[in-house]
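Asks: Dropping a structure here in structure tokens format, bear with me for questions.
The values are calculated or read from the model by the stated rules, or taken from the named source; none is laboratory data. Keep in mind that this is a model prediction, so the values were computed, not measured. Cβ atoms come from the backbone with ideal geometry, glycine included; neighbour counts cover every protein chain shown.
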Amino acid sequence: MTTVTPGAPLRTTSVGTAHTRIEGRDKVTGAARYAGEVPFADLAYGWLVLSTVARGRIRALDTEPVLAMPGVLAVLDHRNAPRVETGYTGLLGKPDPTCAVFQHDRVPHLGWPVALVVAETSEQAREAAEALVVHYEQEPHDVGFGGEHPDAYPADGFMPAVTEKGDLDAALASSAVVVDAEYTTPEEHHNPMEPHATTARWDGGRLELIDSNQGATWVVGELANLFSLDPASIRVRSEHVGGGFGSKGVRAHQVAAVMATTVLQRPVRVVLTRRQMFSLAGYRSPTSQRVRLGADADGRLRALEHRSLSLSSTVYEFIEPSAAVARVMYDAEAHHTANRIVRLDVPTPTWMRAPGEAPGSFALEAALDELAEKCGLDPIELRLRNEPDKGPVSGLPFAGRNLPACFREGARRFGWADRDPRPGVRRDGRWLLGTGTAAASFHAGAAPSTATATAHPDGTFTVRISAADIGTGARTALTLVAADALQVPPDRVQVRIGDSDFGPAMIAGGSMGTRSWSWAVQIAAGELLERLALGADIPPEGITVRSDTAAAIGALTPAERHSFGAQFAEVAVDVATGEVRVRRMLGIFAAGRIVNPLTARGQFLGGMIWGISMALHEEAVRDRASGGHVGADLAGYHVATHADVPRIEADWIDDPDPADPVGIKGIGEIGIVGAAAALANAVWHATGVRHRSLPIRPDRVLSAPAGAPDA
Ligand code: MOS
């Protein structure tokens, strides 16, 4: 029997307290199965063959000898693969044929899938795929990204390309202090620990995928469109996902696997290699950004221009909206922002943690630091003087903007008050020392989701929602939310996720997953409690109620809704070797109610560590001659590892969102925002040199030693 007292005050005893991951033991003991390792009888293995030229046409594929190799079952290519629909409108309001493989003979970039070899074992499939000879008609390609590409144009993406208010030239001309600087960031890759993997099969007239993704019902929707299927005839399950960061939607390997299982009528598994992920998983476009700031002598902004160029493929127009961060952060009487792209013969980029804000905040927050230097102002004081009272572009009120509180708390804990503003004057042996800071923001939103809550006769509950836990701790967070909503301890609630049959729900993306899902869980659980309060007996199958948050979310009043944060960093720079070492970092965030402090801290720290990686290590280098990557693996592509990560702390101030039933805003992406700028600003403070191109590699430090002109 449940023990519900009607009218009892809502307890929040679980939300806000630290809980280890519910599936943690399964993960560390290997009991948790991932998409590439769930056992299946009669499983066949597909291996993708990727193009070795950057542009052209497939003239021929020598499939005969490959089909004769041991264990080989089929070779799918553009001549024999099932047709798919590509004209449907995707998530961003326009068709995206990036994953519509084997539909034509054109090769739009190096690493484009040209065939899938299916065999009895993974080894046989790989052997045969590597033996497949493909003949191309090669065409000249262009993979050269730079600041002044003649084919660049403004592109909207999920926001307007251009915003303009006021006379920029006049405002700059009347400014006492002007900063005009160009910043660049390189191509960056998500590299989740678990490679993309899927296992597809037809089961009793239903298409089933065990899949590594960020949203099971999202994958269902895309596959239903591509293969012209009823969404109800597709089931996608993703119990455990080893990271996504924006890269795990529907990609070529799932489409190829569905084609293969349809042709062979056997379960087919396709797993990407780390190397294949560099061309098939999406990535963050490089950016070239120009920021112009004009201010009065006291630091108050009169002019702000932020222009960003990113790239996309010839297949699909994906935009990294780096200039948009300025639309939220700072106002000026003349305020211009523009996101432009150039289409090149490269793979299609995609969302990567804080798309837009991550590279955009590097440029904008570094430019603010340059302005502070020119004004002779403390960088925090400069930001406080430029706190807008409404959205600089939207004119909408801020639904909470606790950025000043983050800076105050961060400055206190970091020891900012004692900082000598002069650059290049602190030494510790061979190291030059410096500190830097930067602001962070990320959109806080919620998207419609559905959930069910079931009361069982034994006093336990089951909550079902097709959420994805991509390593964030979402399953655990939802359990705490459900427990409080049901007014029981968390061990009485089982939360089941990662199954599209649980109904439509938001993806794990846009920092909106846990908030969107919690909303649906809270409503379902609340309504279940009301039902139980009526005193009905619970039948053996339980009592289930279903929620849908579409109406409630649609009723939110328009406002600028964001999480905010203040990043602090201390670096040591050895100008003899060019090495930059991070000594400590602190991030203070105002990011809504924190559901599980343990996993939330991990989220923030993960973002900040990625900021270290972005500032100092990450860079995918493309060879202009071949059009492919140099070192497309974790040996050639450097990411921050343990030895690179210093004393690092993340904390938050109390900032519950009154518009959210649980008070959540979202914490997935903000940890990386501003982190690279804080580090670059610290490198300037250490050396006196502005590094405006990431990563700040040893060779860049060496070619611009302390006292030299800026890099
Ligand atoms: Mo995140 S880039 O919205 O997965």
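Asks: Which numbered condition in (1) more than 23 Å from Gly554 (Cα to Cα); (2) within 16 Å of the ligand (Cβ to nearest atom) is the only one that Arg426 fails?
Replies: (2)
Asks: Do the conditions hold for Val241, that is, is it away from the ligand (no atom under 16 Å from the Cβ) and not small (Gly, Ala, Ser)? Lay out the reasoning, then the answer.
Replies: Numbers: away from the ligand (no atom under 16 Å from the Cβ): no; not small (Gly, Ala, Ser): yes.
No: the conditions fail for Val241.
Asks: Okay, next question. If Ser310 passes every condition in (1) among the polar types (S, T, N, Q); (2) in contact (Cβ under 8 Å) with a residue 60 or more places away in the chain; (3) within 16 Å of the ligand (Cβ to nearest atom); (4) in a strand (DSSP E or B) but one, which one does it miss?
Replies: Every listed condition holds for Ser310 apart from (2).
Rundown of residues vs (1) within 15 Å of Ala576 (Cβ to Cβ); (2) crowded, with 24+ Cβ neighbours inside 10 Å; (3) at pLDDT 95 or above, yes/no style:
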residue	(1), (2), (3)
Pro658	no, no, no
Ile670	no, yes, yes
Ala675	no, yes, yes
Asn681	no, yes, yes
Arg692	no, no, yes
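Asks: Here's a follow-up. When you scan segment 201-211, do you find a residue that is of a type in the set (Gly, Ala, Ser) and either within 16 Å of the ligand (Cβ to nearest atom) or not in a loop (DSSP other than H, G, I, E, B) (or both), even just one? Talk me through it step by step, then tell me what you get.
Replies: Taking segment 201-211 as the starting set, the residues that turn out to be of a type in the set (Gly, Ala, Ser) are 204-205.
Among the residues that remain, those that are also either within 16 Å of the ligand (Cβ to nearest atom) or not in a loop (DSSP other than H, G, I, E, B) (or both) are: none.
No, every residue in segment 201-211 fails to be of a type in the set (Gly, Ala, Ser) and either within 16 Å of the ligand (Cβ to nearest atom) or not in a loop (DSSP other than H, G, I, E, B) (or both).
Asks: So, in segment 388-414, of the ones that are touching a Phe, Trp or Tyr at 6+ places or on another chain (Cβ under 9 Å) and surrounded by fewer than 15 Cβ atoms within 10 Å (Cβ to Cβ), which residue ends up farthest from Ala295 (Cα to Cα)?
Replies: Arg413
Asks: Now for a different question. Taking segment 645-654 on its own, how many of its residues are surrounded by fewer than 21 Cβ atoms within 10 Å (Cβ to Cβ) and either at pLDDT 95 or above or out of contact with any strand residue (DSSP E or B) (no Cβ under 8 Å at 6 or more places or on another chain) (or both)? Break it down into steps so the answer makes sense when it comes.
Replies: The first filter runs over segment 645-654 and keeps only residues surrounded by fewer than 21 Cβ atoms within 10 Å (Cβ to Cβ), leaving 645-649, 651, 653-654.
With either at pLDDT 95 or above or out of contact with any strand residue (DSSP E or B) (no Cβ under 8 Å at 6 or more places or on another chain) (or both) added as a condition, the list becomes 648-649, 651, 653-654.
Adding up the residues that qualify gives 5.
Asks: Go through Ala354, Ala334, Ala326 for me and flag whichever is within 15 Å of the ligand (Cβ to nearest atom), of a type in the set (A, V, I, L, M, F, W, C) and touching a helix residue (DSSP H, G or I) at 6+ places or on another chain (Cβ under 8 Å). So that I can check it myself, show each step before the final result.
Replies: On the way: Ala334 fails: within 15 Å of the ligand (Cβ to nearest atom); Ala326 fails: within 15 Å of the ligand (Cβ to nearest atom).
Every option except Ala354 fails the conditions.
Asks: Could you tell me whether Ala482 is part of a helix (DSSP H, G or I) and modelled with pLDDT of 95 or more?
Replies: Details: part of a helix (DSSP H, G or I): yes; modelled with pLDDT of 95 or more: yes.
Taking the combined requirement at face value, the residue satisfies it.
Asks: For Glu618, all conditions in the list (1) of a type in the set (D, E, K, R); (2) in a helix (DSSP H, G or I); (3) closer than 21 Å to Gly356 by Cβ hold save one; what is the number of the exception?
Replies: Failing condition for Glu618: (2).
Asks: For segment 498-556, which residues satisfy the criterion of being part of a helix (DSSP H, G or I), under 30 Å from Thr198 (Cβ atoms) and basic (Lys, Arg)?
Replies: Arg515
Asks: From the list Val28, Val38, Val4, pick out the single residue that is over 25 Å from the mean Cα position of the chain (by Cα) and either farther than 30 Å from Leu532 by Cα or at pLDDT 95 or above (or both). Talk me through it step by step, then tell me what you get.
Replies: Numbers: Val28 fails: over 25 Å from the mean Cα position of the chain (by Cα); Val4 fails: either farther than 30 Å from Leu532 by Cα or at pLDDT 95 or above (or both).
None of the others qualify; the one that does is Val38.
Asks: Moving to a separate point now. Does His141 meet the test of being more than 16 Å from the ligand (Cβ to nearest atom) and within 26 Å of His78 (Cα to Cα)?
Replies: Working: more than 16 Å from the ligand (Cβ to nearest atom): yes; within 26 Å of His78 (Cα to Cα): yes.
So His141 fits the description; yes.
Asks: Does Gly628 fit the bill of being over 29 Å from Gly436 (Cβ atoms) and buried (at least 16 other Cβ atoms within 10 Å of the Cβ)?
Replies: Spelling it out, Gly628 is indeed over 29 Å from Gly436 (Cβ atoms) and buried (at least 16 other Cβ atoms within 10 Å of the Cβ).
Asks: Let me ask something else about it. Just to check your reading of the model, which residue among Gly666, Gly628, Gly606, Gly688 is in contact (Cβ under 8 Å) with a residue 24 or more places away in the chain, over 30 Å from Ala551 (Cβ atoms) and within 16 Å of the ligand (Cβ to nearest atom)?
Replies: Numbers: Gly666 fails: over 30 Å from Ala551 (Cβ atoms); Gly628 fails: within 16 Å of the ligand (Cβ to nearest atom); Gly688 fails: within 16 Å of the ligand (Cβ to nearest atom).
Only one candidate passes the filter, namely Gly606.
Asks: Another question, then. Just give me the residues in segment 497-541 being within 16 Å of the ligand (Cβ to nearest atom), in contact with a helix residue (DSSP H, G or I) (Cβ under 7 Å, 6 or more places away or on another chain) and farther than 9 Å from Ser466 by Cα, in sequence order.
Replies: Once the filter is applied, which keeps residues that are within 16 Å of the ligand (Cβ to nearest atom), in contact with a helix residue (DSSP H, G or I) (Cβ under 7 Å, 6 or more places away or on another chain) and farther than 9 Å from Ser466 by Cα, segment 497-541 yields Ala508, Gly513, Thr514.
Asks: So, Gly542, is that one surrounded by fewer than 18 Cβ atoms within 10 Å (Cβ to Cβ), touching a His at 6+ places or on another chain (Cβ under 6 Å) and not charged (D, E, K, R) or not? Reasoning before the result, please.
Replies: On the way: surrounded by fewer than 18 Cβ atoms within 10 Å (Cβ to Cβ): yes; touching a His at 6+ places or on another chain (Cβ under 6 Å): yes; not charged (D, E, K, R): yes.
Yes: the conditions hold for Gly542.
Asks: Could I ask something else about it? Touching a Cys at 6+ places or on another chain (Cβ under 9 Å), modelled with pLDDT of 95 or more and either away from the ligand (no atom under 16 Å from the Cβ) or of a type in the set (S, T, N, Q) (or both): is that true of Leu280 in this structure? Give the steps one after another, and end with the answer.
Replies: On the way: touching a Cys at 6+ places or on another chain (Cβ under 9 Å): yes; modelled with pLDDT of 95 or more: yes; either away from the ligand (no atom under 16 Å from the Cβ) or of a type in the set (S, T, N, Q) (or both): yes.
Criteria met by Leu280.
Asks: Name the residue, out of Val270, Val258, Val346, Val325, that is touching a Phe, Trp or Tyr at 6+ places or on another chain (Cβ under 7 Å), modelled with pLDDT of 95 or more, among the aliphatic types (A, V, I, L, M) and buried (at least 24 other Cβ atoms within 10 Å of the Cβ). Reasoning before the result, please.
Replies: Details: Val270 fails: touching a Phe, Trp or Tyr at 6+ places or on another chain (Cβ under 7 Å); Val346 fails: touching a Phe, Trp or Tyr at 6+ places or on another chain (Cβ under 7 Å); Val325 fails: touching a Phe, Trp or Tyr at 6+ places or on another chain (Cβ under 7 Å).
One residue alone meets the criteria, Val258.
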